[in-house]
Amino acid sequence: MTWVDELEQRAAARLPRDVYDYFRQGAGADHTLGEATPAWDAVRLRPRVLRDVTEVHTATTVLGTPVETPVLVAPTAAQHVVEAGGVVATARGTAKAGSLICVSCLTDAPYTEVRDASPAWWAQVYVLRDRAVTRDLVARAVEAGAGALVLTVDTPVLGDRPYPYPYPYPWPGSDAPWYGGRLLTDIAPEDIATATDVTFDDIGWLREISRLPVVVKGILRADDAVAAVQAGARGVVVSNHGGRQLDAAVPTATALPEIAQALAGSGAETYVDGGLRGGVHVLAALALGARAVLIGRPTLWALAAGSADGVHHLLETMTGELRRAMTLVGARGIDELTPDLVERAG
Ligand code: FNR
């Protein structure tokens, strides 16, 4: 059992069963969920030796923002069911670790509170059926100083999930959905559904209305990654939404290398998430071409187990594991994590 597995057990003991199930679930028969971590486990490394590894540094930049660690926090909805203002506690823990948080649009905390807790933050958005609501969300993200918009593109409809929303739903004390910290009393919940007619052109639209860099999350193919960058994206997140959308989607560890290779030299950055549970996984992802990784469920377990301190401890632990793994493969900095370190098993 890994350290993150133990953390999950602690969280499971504290969370109401249906909240835990909502966080943990995948989609369908959980094939994609189940393959995520084993795909990282299968990566084998060829370490370099006889390098002076007295000093090993994990600091890097993401879209020009300095971070102490390439382990970033993925957007996850409904952190308020763990604790009131959960996303703000997560942001505090993130900032203390010198990392960056990508905030889900499905949150009850105003962006300004997130920003005050963690100046390094990106806003995750969907293009909704009601584009005026999307525009309003984007305006508030810009106003609060988001460093980028992260457009999630793998959710034209929800995946086949047994536990669609955490209880009590819609949200505690309200009959209306929350979107980007705003209670949408004036809008029908069905208008909060994601639009099904979203295309690459919407990347340009979001850039235009925000003047922020746009990162496209949910890419699993090199041709889509190239098209997204041609449409104006500054980065992509290789992601299958933590196995919660298309069951049978390819593991991100498998999809990452061809996407990173296709974007090499374009100036766009490649990130990855899904099933990363330790420093060696992070090292493998960076060696395969990711600029940084995002962590989803473990941040929820950490929040449930220890609030802001729990999230801080999680990020510090994964970064410590990464530093040790870097030392053992003879890499003194993130830029020395190159594809020749990796050999695929099997
Ligand atoms: C998510 N994810 C997600 N993604 C997104 O773009 N917007 C969102 O609101 C959410 N909400 C959400 C809730 C919960 C409970 C989970 C577990 C995940 C997906 C998330 O950003 C990320 O892609 C995966 O969680 C990464 O996989 P791991 O680290 O959880 O294995």
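A few remarks follow.
- Hey, GLN25 touching a Phe, Trp or Tyr at 6+ places or on another chain (Cβ under 9 Å), touching a residue at least 12 places away in the same chain (Cβ under 8 Å) and farther than 23 Å from ARG291 by Cα or not: yes
- Selection status of VAL125, β-branched (Val, Ile, Thr), buried (at least 21 other Cβ atoms within 10 Å of the Cβ) and within 16 Å of VAL62 (Cβ to Cβ): no
- Residues in segment 201-233 that are more than 16 Å from the ligand (Cβ to nearest atom) and at positive phi: 2 in all.
- Restricting attention to segment 82-108, the residues that are under 23 Å from TYR271 (Cβ atoms), within 15 Å of the ligand (Cβ to nearest atom) and assigned to a loop (DSSP other than H, G, I, E, B) total 6.
- Scanning segment 195-213 for residues that are touching a residue at least 60 places away in the same chain (Cβ under 8 Å) and in contact with a strand residue (DSSP E or B) (Cβ under 9 Å, 6 or more places away or on another chain) turns up ALA195, VAL198, ASP202, LEU206, SER210, LEU212, PRO213.
- Screening segment 16-45 for residues that are outside any helix (DSSP H, G or I) and more than 22 Å from the chain's Cα centre (by Cα) and picking the one that is nearest to the ligand (Cβ to nearest atom) gives PRO16.
- If you go through segment 206-235 and keep only what is of a type in the set (A, V, I, L, M, F, W, C), touching a helix residue (DSSP H, G or I) at 6+ places or on another chain (Cβ under 7 Å) and more than 20 Å from THR65 (Cα to Cα), you end up with LEU206, ILE209, ILE219, LEU220, ALA222, ALA225, VAL226, ALA228, ALA231.
- Only one entry in ALA144, ALA139 is within 21 Å of GLN79 (Cα to Cα) and more than 14 Å from the chain's Cα centre (by Cα), namely ALA144.
- Restricting attention to segment 119-157, the residues that are assigned to a loop (DSSP other than H, G, I, E, B) and without any contact (Cβ under 8 Å) to a residue 40 or more places away in the chain add up to 4.
- Scan of segment 9-57 for residues that are over 24 Å from VAL272 (Cα atoms) and among the small types (Gly, Ala, Ser), ordered by number: ALA11, ALA12, ALA13
- Looking across segment 236-267, the residues that are touching a helix residue (DSSP H, G or I) at 6+ places or on another chain (Cβ under 6 Å), more than 16 Å from the ligand (Cβ to nearest atom) and of a type outside the set (Gly, Ala, Ser) come down to GLU258, LEU263.
- Scope segment 268-325; condition more than 12 Å from the ligand (Cβ to nearest atom) and among the hydroxyl-bearing types (Ser, Thr, Tyr); matching residues: THR270, SER307, THR317, THR319
- Filter pass, PRO70 being within 13 Å of the ligand (Cβ to nearest atom) and either of a type outside the set (Lys, Arg) or without any contact (Cβ under 8 Å) to a residue 24 or more places away in the chain (or both): no
Laboratory data are not the source of any read-out in this text; all were calculated from the coordinates shown. Owing to the predicted nature of the structure, the values given are computational and were not obtained by experimental measurement. Neighbour counts run over all protein chains shown; Cβ positions are idealised from the backbone, glycine included.
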